[in-house]
1. Using 0.36 nm per residue of separation minus the Cα-Cα distance, give me the extension gain between residue 282 and residue 419 in nm, one decimal.
2. Considering just Cα atoms, how many Å³ per residue does the convex hull of region 293-403 enclose?
3. Ranked highest first by the average count of other Cβ atoms within 10 Å around their residues, in what order do 243-249, 450-456 fall?
4. At 1.4 Å probe radius, can you tell me the per residue accessible area of the chain in Å²?
5. I'd like the carbon and sulfur percentage of the solvent accessible area for the chain, probe radius 1.4 Å, heavy atoms only, ligands and nucleic acids excluded.
6. Over 5 Å intervals from 0, what percent of Cα-Cα pairs in region 185-289 sits in each interval?
7. If you rank 14, 163 by how much accessible surface each has, with a 1.4 Å probe, what is the order from largest down?
8. Straight distance only, please: which lysines reach the Cα of residue 225 with their own Cα at less than 24 Å, same-chain residues fewer than 8 apart left out?
Amino acid sequence: MLAEATTHSVSRLTRVMTIGDDADMRGALGPALSGAGFEAVEATSREDALARAAASPPELVIMDLESARSEGFVEALKRTCPSLPILVVSDDHADLSAVQAFRCGAVDLLERPLDRERVVSAVNRAVSGRRADGGLIDRCVAATCGAVGVVAKSGLMRNVYRTVLRAAASSRTTVLIEGESGVGKEHVARMLHSASSRWAGPFVALNCAALPETLLEAELFGYEKGAFSGATARKPGLIETANGGTLLLDEIGEMSLGLQAKLLRALQERSFLRVGGIESVSVDVRIVASTNRDLEAAVREGQFRGDLYYRLNVVRVRVPSLRERPSDILGLARGFLQGFAREVGNPLRGFTKTAVVALLAYSWPGNVRELENMTERAAVLSRGPLVRRSDLGLPPPAAPKLDAPATGQDGSTVERTLEDVERAHLARVLYRCQGNRSHAAAELGIHRTTLAKKIRDYGL
Ligand SMILES: Nc1ncnc2c1ncn2[C@@H]1O[C@H](COP(=O)(O)OP(=O)(O)OP(=O)(O)O)[C@@H](O)[C@H]1O
Ligand SMILES: [Mg+2]
């Protein structure tokens, strides 16, 4: 499209609108864009931008962070030009700016001082519909993980977070999160919420397994006065409480078929009836569903409605079990330990080598929640300064199976990276040799110095 625009003078140039009144926006961007073969349109204010966009829609806009964050502006612009890509210019390199730009729907972030080449290549990428180079998403992943004190080291988790952030960018898309118990499904749902334009709205979670059908319906959709005995006043449901935000339906696989039908109707029509009500209530909520069951199998067995499954499964995220991503274990454990140690006032500095090896060799059937609980216990019981293996209360390591392929929820084999496999195998051999490096190196068939380097690299 761009090439055509620059080679055939009769065809219209790609129109790029800049919004802002400062020297960068007016003095530097315009000539850079014109020089690269775009039609540069300068809007000096937000009102001016809306008027110009209505008269002749641009193919892309560049605006400062302040404009992007001003209430209702991006929404108003997108009403005129629904799929308009937005590049945001920020004054600093702070991760917070990246997150704020992303929440406003930016596809890329340009930092001052503006670099002409970088601007032109970002514009080219965005107008041709190609994704940004991942820089913005990766920075948001890093910032969000940093905010909750977690380093997602494994490639598997980084991919999960990237998918989550891409889904976050479209604020109504339904997301289905699958994964074993305790892997962090709710954690991922909260991240989705906080990276989306809904971040300032409510995040509400409802556990569908915790209540019988009638109570769950009343909890979800609310009820009118007199709907049933005890309903002395109207009560809004959680779907209304979540208006403007995100509603997580946890353990969706446990919802009854009758209620599934009502939920499907609410999702399709974006409105519903309170229990005992006749007036339909409209809401603007993103629905996120999570499950540790295999919903596809449940559909085949007639326990889950196929139409609801397809409606929920617009973006699907599978959170891998902890044994599939051993490179996350230590980062999580250290993060949890720091928090708990502070909480209980125990000045712990970390884990002993044997404790580290034991953490890596364990199979974590209860996933991150089990690791979190175990770390809390260690923070309470350990006499420090380092947590020892015995403080962890781990079951005996009779037959660690870490070098067997990891299995997914459906029993299928899940690929790990070569690094993950090597690290796990090293941990297992070191454990068997009780930390004796000479014996371990001999068993592994490598030189002792090579082993020492690998131990350092893997943080064993
Ligand atoms: N990446 C992570 N960083 C920090 N904490 C995490 C992470 N993942 C999970 N946790 C913590 O682990 C615990 C379990 O996570 P969460 O409740 O999200 O799991 P879940 O998959 O929803 O579990 P369940 O299936 O039992 O509902 C929580 O306390 C959560 O804060
Ligand atoms: Mg949960």
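The values are calculated or read from the model by the stated rules, or taken from the named source; none is laboratory data. Because the structure is a prediction, the values reported are computed rather than measured. With ideal geometry, Cβ positions are generated from the backbone for all residues, glycine too; neighbour counts draw on all protein chains shown. These accessible areas exclude ligands, DNA and RNA; they are computed on the full protein's heavy atoms, side chains included. Shrake-Rupley method; radii C 1.70, N 1.55, O 1.52, S 1.80 Å.
1. Numbers: separation 137, 0.36 × 137 = 49.32 nm, distance 5.00 nm.
Extra length from residue 282 to residue 419 when fully extended: 44.3 nm.
2. Numbers: hull volume 16.1 nm³, N = 111.
It is 145 Å³ per residue.
3. Numbers: 243-249: 21.1, 450-456: 14.6.
The most tightly packed comes first, giving 243-249, 450-456.
4. Working: 21820 Å² over 460 residues.
Accessible area per residue: 47 Å².
5. Values: 11110 of 21820 Å².
Using a 1.4 Å probe with all protein chains present, the chain comes out at 51 percent carbon and sulfur.
6. 2, 13, 23, 24, 20, 12, 4, 1, 0
7. Working: 14 5, 163 55 Å².
The residues order as 163, 14, largest area first.
8. Cα-Cα hits under 24 Å: 235, 262.
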